[in-house]
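No value in this document is a laboratory result; all are computed from the given coordinates. These numbers were taken from a predicted model, which means no experiment stands behind them. Cβ placement follows ideal geometry from the backbone for every residue including glycine, while neighbour counts extend to all protein chains displayed.
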Amino acid sequence: MPLELWLSFCLASLLIIASPGPAVALLVTTGVNRGRRAALAMLPGFFLGDLLAMTLSFAGVGALLMASAELFQLFKWLGAAYLLYLGIKMWRESGQLGELAPTDTDIRLGTAKAFLVTALNPKSLAFFMAFMPQFVAPSQPLLPQLAILFSTFLVLGVLSDLAFTFLATSGGRMLSARLRRILHRTGAGSLIGASALVAAMRRP
């Protein structure tokens, strides 16, 4: 694909990826309160969730989701319910942060939790359907361009997640228990707010 088109895609992707959302809130809160190991365990989940959303969008599932009111409602309420569950769970945890040292089970579940946050968000499918075709050159073969766009977005996403992880875990050591509790509840509130936004979402 043309180099200038790819560079434009990189810039647009960086601006989108760096924007705070439920995934960033979950990652930062986990990093501050449970440590670097627990936060890093979430990165494969975010990666696989984005990869699945991109693949389904271009495989036609995203268009089917936007066309079927029943399927869209089912997917939307599943995503909203999961975000609400995570938000309430995190809010309850805020009163016992001193007891939140991650167990091996927590580490294993981190990947699944991050994957579900990304994969159950209908906005992801709608976003990739609307965003990526703008950077496809009609005069060039489609599949090689999709491979470039997919891999670029995923690599930038991993680098962004790593940056958030190291910033959160490095800065988290300097925070008092009270500030950590406030941050934890802020992250919980962000997830609950994201749940409400997903629930209110309408088909494009």
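Here the Karplus relation 6.51 cos²θ - 1.76 cosθ + 1.60, evaluated at θ = phi - 60°, turns the backbone of region 80-90 into coupling constants of 5, 5, 5, 5, 5, 4, 5, x, 5, 4, 5 Hz, with x for every Gly and Pro.
When the chain is fully extended, how far beyond the present Cα-Cα distance does Phe166 get from Ala200, taking 0.36 nm per residue of separation?
8.9 nm
How do 134-141, 157-164, 29-36, 12-19 rank on mean C-beta neighbours within 10 Å, highest first?
On the way: 134-141: 11.6, 157-164: 17.0, 29-36: 23.0, 12-19: 14.1.
With the highest mean Cβ count within 10 Å placed first, the list reads 29-36, 157-164, 12-19, 134-141.
Counted residue by residue at 0.36 nm each, then reduced by the alpha carbon distance between them, the extension gain from Leu11 to Ile88 reaches 24.2 nm.
The gain in end-to-end length when the Ala112 to Thr152 segment is fully stretched comes to 12.1 nm, 0.36 nm per residue minus the alpha carbon separation. For the peptides 147-156, 80-89, the ranking by mean Cβ contacts within 10 Å, running from highest to lowest, is 80-89, 147-156.
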